[in-house]
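Heads up, the thing below is written out as structure tokens.
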Amino acid sequence: MTTGDATLEVRDLTVRFAGLTALDAVGFTVRPATVHAVIGPNGAGKSTCFNVLSGVYRATSGSVRFGGEELTGLPPHRIADLGIARTFQNLALPPGATVEDSLMLGRHRLTRTGFVAAGLKLPSAVREEARHRERVREIAAFVGLEDQLARPAGALPYGQQKLAELARALCMEPKLLLLDEPVAGMTAGERRDTAAIVAGVRDSLGISVVLVEHDMGVVMRLADSVTVLDFGRLIADGTPASVQSDPAVVRAYLGEEATS
Ligand SMILES: Nc1ncnc2c1ncn2[C@@H]1O[C@H](COP(=O)(O)OP(=O)(O)OP(=O)(O)O)[C@@H](O)[C@H]1O
């Protein structure tokens with residue numbers, strides 16, 4: 001599949017949990033090599049949307065197509081096979097493993113060598129592993145973690161652990177990257193650096209990014225397009241500047257401040 005095919009089309013997506021409509025006929029399009037943010041107050045349906053895109057939740061109705069393939073109903077590993085990788089709001093790295101081995105986990109899907117050949121250390125298996133380790137080093141350098149590869153991932157400062165999680169997802173060589181609150185819990189400097197790395201994922205690697213993020217500064221600077229949800233409904237969709245001044249968006253956020 002070429003990058004030109006890697007459009008994500010969400011149409012009439014509805015998710016109901018026992019009487020509660022978490023997503024109500026939501027639709028948006030993510031063009032290739034763009035950053036698309038999904039924002040909204042707490043409980044708006046952002047995580048539910050992400051969980052459908054990555055196959056963790058089943059849609060009640062509606063469609064999600066990526067490069068022309070229907071995703072709804074596919075299990076997470078099949079969605080990953082189509083070139084969609086995700087990060088998690090809470091870190092999902094194995095705490096005892098080194099950064100390098102954690103990133104090698106991201107290469108698993110791309111590994112051809114079978115269990116027996118790897119166990120016997122056949123030359124083809126050794127060569128393939130060396131190629132993967134080289135790519136892991138390149139990706140670690142891309143996110144600025146090249147000097148941390150030998151450290152246990154769990155020993156890194158929180159901001160660097162989040163970058164390792166991002167790097168692990170990049171190691172899957174995705175066409176579309178789903179980032180769940182990538183700068184949450186980071187210092188101001190780490191937020192800036194991470195925003196620059198995500199911009200590089202789009203501009204240098206040509207990967208599309210869908211971002212759920214509460215940090216409006218990061219969203220407004222980074223996103224090419226924004227979908228705003230409130231109580232499961234789409235209330236605005238467009239450029240960062242247009243949604244920022246949309247009265248429905250202002251009302252949704254002011255409502256949240258007034259009640260929190
Ligand atoms: N597995 C579930 N079972 C039942 N209800 C759920 C489930 N997941 C989410 N919900 C409900 O769906 C609604 C949307 O939740 P969701 O987590 O998608 O919102 P959100 O926009 O991601 O919120 P936040 O910004 O607080 O993470 C909420 O009312 C939530 O309680």
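The values are calculated or read from the model by the stated rules, or taken from the named source; none is laboratory data. Just so it is clear, the model here is predicted, and its values are computed rather than measured. All Cβ positions, glycine included, derive from the backbone under ideal geometry; neighbour counts span all protein chains shown. To get the accessible areas, we keep the full protein, side chains included, count just its heavy atoms, and leave off ligands, DNA and RNA. Shrake-Rupley method; radii C 1.70, N 1.55, O 1.52, S 1.80 Å.
The numbered conditions (1) at pLDDT below 95; (2) buried (at least 20 other Cβ atoms within 10 Å of the Cβ); (3) within 16 Å of the ligand (Cβ to nearest atom); (4) over 14 Å from the mean Cα position of the chain (by Cα) are all true for Met186 except (3).
Applying the condition of being in a loop (DSSP other than H, G, I, E, B) and within 16 Å of the ligand (Cβ to nearest atom) to the range 4-53 and asking which residue is nearest to Pro240 (Cα to Cα) yields Gly40.
Which helices (runs of 4 or more DSSP H) does the range 116-216 wholly contain that include 1 or more residues that are hydroxyl-bearing (Ser, Thr, Tyr) and over 25 Å from Asp81 (Cα atoms)?
158-170, 188-203
Of the numbered criteria (1) more than 16 Å from the chain's Cα centre (by Cα); (2) assigned by TED's automatic domain parsing to the domain that holds Ala252, the one Ala97 fails is (2). Quick one: would you say Glu181 is in the same structural domain as Gly67 (by TED's automatic domain parsing) and in contact with a Pro (Cβ under 9 Å, 6 or more places away or on another chain)? It is false that Glu181 is in the same structural domain as Gly67 (by TED's automatic domain parsing) and in contact with a Pro (Cβ under 9 Å, 6 or more places away or on another chain). Filtered by the rule that a residue be among the charged types (D, E, K, R) and at pLDDT 95 or above, the range 152-172 gives no residues.
Just to be sure I understand the filter: pairs with C-beta atoms under 6 Å, separated by 6 or more residues or on different chains, first member in the range 25-53 and under 20 Å from Ile79 (Cα atoms) and β-branched (Val, Ile, Thr), second member open to solvent by 40 Å² or more (accessible area, probe 1.4 Å) and more than 15 Å from the ligand (Cβ to nearest atom). Which pairs pass? Qualifying pairs under 6 Å: Thr29/Glu9; Thr34/Asp224; Val35/Asp224.
Quick check on the range 212-222. Is at least one of its residues more than 16 Å from the ligand (Cβ to nearest atom), in contact (Cβ under 8 Å) with a residue 60 or more places away in the chain and not assigned by TED's automatic domain parsing to the domain that holds Gly144? Checked against the condition, which is being more than 16 Å from the ligand (Cβ to nearest atom), in contact (Cβ under 8 Å) with a residue 60 or more places away in the chain and not assigned by TED's automatic domain parsing to the domain that holds Gly144, the range 212-222 yields at least one hit.
Do we have any residue at all in the range 159-166 that's more than 16 Å from the chain's Cα centre (by Cα) and not small (Gly, Ala, Ser)? So far as the range 159-166 goes, yes, one or more of its residues are more than 16 Å from the chain's Cα centre (by Cα) and not small (Gly, Ala, Ser). Considering the range 94-112, and only residues there that are β-branched (Val, Ile, Thr) and more than 10 Å from Arg168 (Cβ to Cβ), the residue that is least open to solvent (accessible area, probe 1.4 Å) turns out to be Thr98.
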